[in-house]
Amino acid sequence: MRQRISIILTFVVIIGLLVILNSLIYVRKEKVQDNEITPNRSTYHSGPTGTRALHDLLNESGYKVIRWRESPERLFSETGKLVDTFVVIGPFPIEFTGNEIEALRDWVARGGRLVFIGRHFNEALVPKSEGWRVIARQWNFPTVDDDPANTQQMTKEVTALQPLQPTVFTAGIQTVMPSRFAARLSVLPPLKQDKPNHDGSVDIFGDDDEREPVKASGSAAPIIHFGNREGALLVDYAYGSGRIVVLGDPYMVSNSGIKLNDNLQLAINLLASGGGLIAFDEYHQGKGISQNPWASYFAGTPVLALGAQIVLLVLLILWTNARRFGRPLPLPHTDRRSSLEFVASMAELQERSRAYDLAIENIYTRTRRVLARHAGMDYNSSRAAIAKRIAERSTIDAHQLETLMRQCEEAINGEAISWRQSLDLVRRLRIVEKNLGLRMRAREERQAAENI
């Protein structure tokens with residue numbers, strides 16, 4: 001037992017030393033200030049460039065909103081079938097792969113709704129529809145000195161834009177305020193080589209693509225909702241059975257810019273006008289479910305390093321306990337031939353056969369012999385004489401002792417007795433022995449020691 005206590009104490013001391021050591025050598029990383037060069041557009045991010053305010057506002061307003069942390073290919077799963085609007089906000093740390101882009105286009109063509117918010121994008125991600133193309137041009141570029149939390153600096157010399165026409169996206173909006181880094185969108189008509197097929201569709205992938213051409217439901221011509229002489233700011237167009245919405249400035253939906261003018265109303269119109277479930281793409285923001293949530297939670301803290309060290313310490317202890325440091329010692333030999341085995345066997349035999357009288361006889365015979373010796377009388381003396389002499393030498397009542405002896409002898413002689421009555425008689429005999437201070441025989445003392 002002492003060896004175990006020493007091992008436990010050593011283990012606790014080592015863990016304490018590891019905690020102190022990790023706390024001393026841990027260097028807290030300085031929080032990187034948000035900037036527009038490498039913004040964090042995640043809905044988990046509460047900084048100026050994040051979009052947490054938009055997500056939480058939609059959620060608290062009763063709109064169905066989720067964070068999509070899987071690949072766009074999972075949009076065809078049972079969970080993905082519930083999604084009506086898929087929101088992609090750029091730039092994103094993890095680029096879209098070819099298979100993901102193809103899956104997202106197929107999802108839109110089957111009736112989905114893609115909302116892309118960014119200053120530049122892959123043309124495959126915002127594809128042509130029946131020859132109509134949308135391209136983005138950015139005139140001003142942010143620097144490290146630009147503070148996204150400073151709205152005056154972000155909107156310096158920028159004029160608020162009014163709706164160009166009444167649409168679902170412009171409902172309830174007087175003006176919107178983009179940043180000075182907003183991209184301008186240009187709508188290009190179909191080229192001459194984009195000749196319609198016999199069914200009215202146009203091959204938008206070229207001659208080398210084996211995909212079937214996508215035919216838009218209705219007019220495929222993009223609709224411009226906001227813009228100025230420099231270009232459009234908000235465009236949407238039909239793609240297959242679905243629609244693609246393009247907004248050229250993510251600052252307008254960020255935590256810092258969403259409060260300006262009617263930017264919040266514009267964001268609600270963009271995302272909620274389609275109805276149904278709105279899914280924000282967090283997979284390409286580096287928040288995919290492939291990453292362990294516990295590791296993500298404790299990232300940047302000494303907890304992970306401390307946990308790894310404790311695991312190594314436990315493995316080391318298990319390994320050392322399995323090795324022998326010294327000569328082999330023989331196993332202790334235990335003598336199984338104990339007199340208690342006979343006693344236990346007889347007790348079990350008497351219990352199964354309900355021989356309670358035999359059990360009382362074994363105990364009462366020894367107790368009567370000890371009482372006679374204590375009283376200084378012969379073993380064959382009468383109960384009354386023995387009880388009277390014991391009462392003279394102790395505080396035990398003679399009548400009670402004689403009654404106990406009589407009940408034991410009657411049970412031995414064949415009177416019916418239950419197991420509860422037999423236990424009561426034995427208990428009373430033991431109390432008499434204890435009150436008289438009668439010592440057990442050496443063999444019984446040895447048996448009691450072995451039982452302990």
Q.
For E409, E60, E282, give me the order by solvent-accessible area with a 1.4 Å probe, most accessible first, ignoring ligands, DNA and RNA.
A. E60, E409, E282
Q | Kirkwood Rh, Cα atoms: Rg over Rh of segment 68-172 | A | 1.02
Q | Karplus-derived 3J(HN,Hα), 6.51/-1.76/1.60, for each residue of segment 220-236, Hz, glycine and proline x | A | 8, 5, x, 10, 9, 9, 9, x, 8, 5, 7, x, 7, 10, 9, 9, 9
Q) So how do D424, D378, D146 rank on accessible area, 1.4 Å probe, biggest first, that is with the largest at the start? A) D378, D424, D146
Q. Looking at segment 228-280, which trypsin sites (Lys or Arg not before Pro) are in a loop (DSSP not H, G, I, E or B) and have at most 16 other Cβ atoms within 10 Å?
A. R229, K259
Q: Compute, for V108, the solvent-accessible surface of its heavy atoms (probe 1.4 Å) with the complete set of protein chains present, and express it in square angstrom to the nearest 10.
A: 0
**Q.** Placed amide H near R133: partners under 5 Å, 5+ positions off or other chain
**A.** L188
(Q) Once R0 is set to 45 Å, what does the formula 1/(1 + (r/R0)^6) return for the Cβ-Cβ distance between S353 and F11, expressed as a FRET efficiency to the nearest 0.05? (A) 0.25
Q) Restricting attention to segment 118-172, which chymotrypsin sites (Phe, Trp or Tyr not before Pro) occupy a DSSP loop and are surrounded by at most 15 other Cβ atoms within 10 Å? A) W139
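The values are calculated or read from the model by the stated rules, or taken from the named source; none is laboratory data. All of these numbers come straight from a predicted model, not from anything done at the bench. As a convention, Cβ positions derive from the backbone with ideal geometry for all residues, glycine included, and neighbour counts pool all protein chains shown. Accessible surface is based on the protein model in full, side chains and every heavy atom, while ligands, DNA and RNA are left aside. Shrake-Rupley method; radii C 1.70, N 1.55, O 1.52, S 1.80 Å.
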